[in-house]
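Asks: I am attaching a structure below and will ask some questions about it afterwards.
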Amino acid sequence: MLTSAHAPLAALENATAFASRHIGPGADDEATMLAAIGPASRRALIEAIVPAAIARTAAMDLPAPATEEQALAELKAIAGKNQRLRSFIGQGYHGTFTPGVILRNILENPAWYTAYTPYQAEISQGRMEALVNFQTMVTDLTGMAIANASMLDEATAAAEAMTLARRSVKAKGHTLVVSGDTHPQIIEVLQTRAKPLGLTIQLANSAEEWTAALAGDDYFAALAQYPASSGWLHDWSADAATVKGKQAAFILAADLLALTVLKSPGEMGADIVLGSTQRFGMPMGAGGPHAAYLACRDEFKRSLPGRLVGISVDSHGNPAYRLALQTREQHIRREKATSNICTAQVLPAVVASMYAVYHGPQGLTRIALRVARYLGILVAGLKQLGVDMSQTHHLDAGAFDTVCLHTGERTAALMARAVSLGANLRSPWPGYLSITLDETTTREDLALLWRIFAAEGQALPSVDELSLTGDLIPPALRRTSAFLTHPVFNSHHSETEMLRYIRKLSDKDLALDRSMIPLGSCTMKLNATSEMIPITWPEFAEVHPFAPADQLAGYAELNAQLCGWLEQATGYAGVSLQPNAGSQGEYAGLLAICAWHASRGEGHRNICLIPESAHGTNPASAMMAGLQVVVVKCDANGSVDLGDLKAKCEQHAANLACIMITYPSTYGVYDLQVKELCAMVHQYGGRVYVDGANMNALVGVAAPGQFGGDVSHLNLHKTFCIPHGGGGPGVGPVCVVEDLVPFLPGHATAGQLREGGVGAVSAAPYGNAAVLPISWMYVRMMGTAGLTAATETAILNANYVAARLADHYDIHFSGNVAGVKGGGVAHECILDLRPLKDSSGVSAEDVAKRLIDYGFHAPTLSFPVAGTLMVEPTESEPLFELDRFCDAMIAIREEIRLVEAGAWPREDNPLKNAPHTAASLLSGEWTHPYSREVAAYPVASLKQVKYWSPVGRVDNVYGDRNLFCSCLPVSAYGDTPA
């Protein structure tokens, strides 16, 4: 403690203050933990566990740590270099107003943004209700049968729609016909995704080309934008019928706000519909995060990629939400998966759904009609100014929010004049300008736009005089069908009602603001408030991703600095922040490897070796990249079997492309022979992909780019503090060695080309740009010493948990390190509950559900080994919380002993009946062999602070057999048993 007035000034300035806020255990706690583990110091523990062969020999070269206030001021200056002009660019990104009640109580609320993916259904009922609202919103507006719980962005949703169509229709062609007037970023991502799958994207750039393409027999699907990217409208019914006549699928990329006033895609016969929900309350944020959507016919539902929330029943017969059809997901299907999507955009999806709840159908329609009317007035005013409308692009077909003008040789001058007046327009093709209006458009904006086209001194039209001008929507395309009729969209329109609805849902859930979330392989660490503050700054939030580059100087500087820091952390030479999820980072990294091989005339190399312990995303990504997966065995210690690896390398020497490993391994241990593994694969001409999912055990301690890795992806939503958001957003940077830098993803739509590189993997050039300030703040405040201490403390915490629980549970894998109780693990440990299932009938799932009664989110269940729990405490948890968790696990082990001893029946005990709801404890006669108090308060501290599960154990089988994925009728919540 500093008590002297003569303390060093640097100590009083305390530039390293944030690290002690981020890292949970203090010095006294650390001493207590080390006494339980064995080694004399944290450094001694690290040296005993981390292989000396991979240890860093030089520290990361990062700026000295800044205080929270200093970092915020520094970042504010960077943000100020972005220019916020009025955006009329459109192209899938629009100005929108985030209602204050949603901004403060969801987007900026840790009860929502620190939650995890809702795999544990009982403690996720609130956000799953919001996601069912999202799915209902999408199906109502699109007129489709079923929708998933969000996708990463509109362009990747289109790519997923392409592969969904390919595996769902009878047409045998390999071509996707795409309207040329589709958003260019969608086309670019489609082209990237199609190439390794052997598919062809056929662009139809005119009505004649479109008609001719649909008349052919060599395509499996056709895709168009509705409204078109340049704004025109079309009834696609006849086109859909033609495509279906070929046994192919018709896909529409549709604007949800437009669908409040336009005929729905379902009424036109669409098979698959996709789009973005960005304009439902999520700021542009230079491209993301935003929730895309994907909806389809009922016949396609079991092939629908992404998460799907369905409705089942709990153990008391009450309705309960759960993730449905999980056997479709990549972590189960592995190389047989149809998509590598392992996350969604839950937080933005919740915002979008709440936007619809708050405005309701009438409010949404009012916004849409205002936008459409303003466009009609804008066009009328342009005509008054003498603007030649005779060659306007398809204006005769009607428009919703966008008009595309033929401006010929004046195009560049008009674009420049717009910028000088504070506005951005778009030139979709040479000689054309398009103008897109949105929710934020005002009468003053119309005057600004007229001023751009007016001659010097020419009087501007009057909005008042043109106020009776109609919109440009053709009568035949006006929507007549009802939507959002469920009471949830018609009950919460006052702020008081909305505030209480949001609070009611968040109270049902368990997030980091309530307790530790010890999920292995998920790194649920602190998302500090100071890190979150910048994401809603207008300088970051209100920027269009395709604004001129000089207007994005702040983002460019942020990107460059963060990439440089990540290079230091990983030991790699180049980084791209474009991938907007870890799965997309994997995919981009594999594409880089394939492109490198092709550049050397070895494009035939297509074998990807993957250890049997790998996360399911790895083989799914490999298949998407056009690679063939060959599985490599692991030994009894959880490490890759080098003998089997050598045999596989020799067998496939001529075609070996790469190996994908996770380090530390998915089993939570450091493989002592990882350098030998890398050298062996290199010897046979392959590259080494090191999955960065467990980078929280490496930063500052070891660097994959230094011990033999060629490519890694990171999860900024794990290691670098972007919150999980209940299942997204995430950021998955791809990091590469020097000779692979040219093959990082480019983005032609944004003018970011890499000669020989792979195409875009995300809709926007910086991916989920708006959340990058979170990781920037984390690194800036921690510095080299702070980040290294965080890694070491994560390892310390995991070993403390292993040491405390080793006498009660089998630690399934460890490094077998002498003098370390628990055997020595990395940043997580696996508890093997399979012997207890044999002795008591209690399963790992039973323990997971019983932990809810103790106030905890369960560890990762049955991954990577069935019948186990994988625990990752992270560096942010203090000793008090670690002990609370260990005490709960030890108490549960004692409960299991009572079952083993016959004191409680195998099928009627607190574990089998968990979680216990308040209603179940208060209802009628209690017939169980244990008391209500044992059910509710297994440890005394719960009487002071208690989380109550809102539902009993959810029936997974019932939910899949009786699939229902929209809002339940109110009658379902009537008089049901407790």
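The values are calculated or read from the model by the stated rules, or taken from the named source; none is laboratory data. Note that the structure is predicted; figures quoted are calculated from it, not measured. Backbone-built Cβ (ideal geometry, glycine too); neighbour counts: all protein chains shown. Please note that ligands, DNA and RNA were not included when accessible areas were found on the heavy atoms of the full protein model with its side chains. Shrake-Rupley method; radii C 1.70, N 1.55, O 1.52, S 1.80 Å.
Asks: For segment 541-555, give me each residue that is among the small types (Gly, Ala, Ser) and over 17 Å from residue 580 (Cα atoms). Walk me through it before giving the result.
Replies: Filtering segment 541-555 for residues among the small types (Gly, Ala, Ser) gives 541, 547, 549, 553-554.
If the condition is that a residue be among the small types (Gly, Ala, Ser) and over 17 Å from residue 580 (Cα atoms), then 547, 549, 553, 554 are the ones that fit.
Asks: Output the qualifying pairs, or none if there are none: Cβ atoms under 8 angstrom, residues six or more apart or on different chains, first residue in segment 2-15 and among the polar types (S, T, N, Q), second residue at pLDDT 80 or above and assigned to a loop (DSSP other than H, G, I, E, B).
Replies: Pairs found: 14/67.
Asks: Still on this structure: Being open to solvent by less than 10 Å² (accessible area, probe 1.4 Å) and part of a strand (DSSP E or B) narrows it down to one residue among 161, 165, 221; which is it? Spell out how you get there, then give the answer.
Replies: Values: 161 fails: part of a strand (DSSP E or B); 165 fails: part of a strand (DSSP E or B).
Being open to solvent by less than 10 Å² (accessible area, probe 1.4 Å) and part of a strand (DSSP E or B) holds for just one of 161, 165, 221, which is 221.
Asks: If residue 969 meets every condition in (1) surrounded by fewer than 21 Cβ atoms within 10 Å (Cβ to Cβ); (2) within 33 Å of the chain's Cα centre (by Cα); (3) modelled with pLDDT of 95 or more apart from one, which number is that one?
Replies: (3)
Asks: Would you be able to say whether some residue in segment 377-393 is at pLDDT 95 or above, within 38 Å of the chain's Cα centre (by Cα) and open to solvent by 70 Å² or more (accessible area, probe 1.4 Å)?
Replies: Within segment 377-393, none of the residues are at pLDDT 95 or above, within 38 Å of the chain's Cα centre (by Cα) and open to solvent by 70 Å² or more (accessible area, probe 1.4 Å).
Asks: If you don't mind, there's one more thing I want to ask. May I ask you to list pairs of residues, at least six apart or on different chains, whose Cβ atoms are under 7 Å apart, with the first in segment 54-73 being of a type outside the set (Gly, Ala, Ser) and the second being at pLDDT below 95 and open to solvent by 20 Å² or more (accessible area, probe 1.4 Å)?
Replies: 65/15; 65/16; 67/15; 67/17
Asks: Cβ contacts < 6 Å: first residue part of a strand (DSSP E or B), restricted to segment 552-578; second residue open to solvent by 30 Å² or more (accessible area, probe 1.4 Å), any location; separation 6+ or different chain. Result?
Replies: What qualifies is 574/741; 575/567.
Asks: Within segment 904-931, restricting attention to residues that are among the hydrophobic types (A, V, I, L, M, F, W, C) and in contact (Cβ under 8 Å) with a residue 12 or more places away in the chain, which residue is nearest to residue 847 (Cα to Cα)?
Replies: Start the filter on segment 904-931 by keeping residues that are among the hydrophobic types (A, V, I, L, M, F, W, C), which leaves 904, 911, 914, 918-919, 921-922, 926.
This time we only want the ones that are in contact (Cβ under 8 Å) with a residue 12 or more places away in the chain, so: 904, 911, 914, 918-919, 921-922.
Values: 904: 15, 911: 6, 914: 8, 918: 19, 919: 21, 921: 20, 922: 23 Å.
That would be 911.
Asks: Follow-up. Out of (1) open to solvent by 10 Å² or more (accessible area, probe 1.4 Å); (2) within 33 Å of the chain's Cα centre (by Cα), the odd one out for residue 914 is which?
Replies: (1)
Asks: If a residue has to be under 20 Å from residue 322 (Cα atoms), without any contact (Cβ under 8 Å) to a residue 40 or more places away in the chain and either in a loop (DSSP other than H, G, I, E, B) or in the same structural domain as residue 848 (by the TED database) (or both) to count, how many in segment 932-957 make the cut?
Replies: The first filter runs over segment 932-957 and keeps only residues under 20 Å from residue 322 (Cα atoms), leaving 947-957.
Next cut, without any contact (Cβ under 8 Å) to a residue 40 or more places away in the chain only: 948, 957.
Next, only the ones that are either in a loop (DSSP other than H, G, I, E, B) or in the same structural domain as residue 848 (by the TED database) (or both) stay: 948.
Final tally of qualifying residues: 1.
Rundown of residues vs (1) touching a helix residue (DSSP H, G or I) at 6+ places or on another chain (Cβ under 9 Å); (2) crowded, with 24+ Cβ neighbours inside 10 Å; (3) not in a loop (DSSP other than H, G, I, E, B), yes/no style:
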{"residue": "778", "(1), (2), (3)": "yes, yes, yes"}
{"residue": "783", "(1), (2), (3)": "yes, no, yes"}
{"residue": "789", "(1), (2), (3)": "yes, no, yes"}
{"residue": "795", "(1), (2), (3)": "yes, yes, yes"}
{"residue": "799", "(1), (2), (3)": "yes, yes, yes"}
{"residue": "803", "(1), (2), (3)": "yes, yes, yes"}
{"residue": "807", "(1), (2), (3)": "yes, no, no"}
{"residue": "815", "(1), (2), (3)": "yes, yes, no"}
{"residue": "818", "(1), (2), (3)": "yes, no, no"}
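Asks: Given the options 195, 172, name the one that is basic (Lys, Arg) and over 28 Å from the mean Cα position of the chain (by Cα). Spell out how you get there, then give the answer.
Replies: On the way: 195 fails: over 28 Å from the mean Cα position of the chain (by Cα).
Of 195, 172, the one residue that is basic (Lys, Arg) and over 28 Å from the mean Cα position of the chain (by Cα) is 172.
Asks: Could you list, in sequence order, the residues of segment 635-687 that are under 20 Å from residue 623 (Cβ atoms) and not in a helix (DSSP H, G or I)?
Replies: 652, 655, 656, 657, 658, 659, 660, 661, 662, 666, 686, 687, listed by residue number.
Asks: Could you list, in sequence order, the residues of segment 525-546 that are open to solvent by 10 Å² or more (accessible area, probe 1.4 Å), assigned to a helix (DSSP H, G or I) and not polar (S, T, N, Q)?
Replies: 532, 533, 535, 538, 539
Asks: From the list 183, 174, which residue is farther than 17 Å from residue 247 by Cα, of a type outside the set (A, V, I, L, M, F, W, C), out of contact with any Lys or Arg (no Cβ under 8 Å at 6 or more places or on another chain) and open to solvent by 10 Å² or more (accessible area, probe 1.4 Å)?
Replies: Numbers: 174 fails: farther than 17 Å from residue 247 by Cα.
Of 183, 174, the one residue that is farther than 17 Å from residue 247 by Cα, of a type outside the set (A, V, I, L, M, F, W, C), out of contact with any Lys or Arg (no Cβ under 8 Å at 6 or more places or on another chain) and open to solvent by 10 Å² or more (accessible area, probe 1.4 Å) is 183.
Asks: Hey, another quick one. For a quick check of your reading: which helices (runs of 4 or more DSSP H) sit entirely within segment 1-111 and have at least 2 residues that are of a type outside the set (S, T, N, Q), surrounded by 20 or more Cβ atoms within 10 Å (Cβ to Cβ) and modelled with pLDDT under 95? Give the steps one after another, and end with the answer.
Replies: Numbers: elements: 9-13, 17-22, 27-37, 42-49, 68-79.
The helices (runs of 4 or more DSSP H) meeting that bar number zero.
Asks: Among the residues of segment 394-429, write down those that are within 36 Å of the chain's Cα centre (by Cα) and either more than 17 Å from residue 373 (Cα to Cα) or of a type in the set (Ser, Thr, Tyr) (or both).
Replies: Result: 402, 415, 418, 419, 422, 423, 424, 425, 426, 427, 428, 429.
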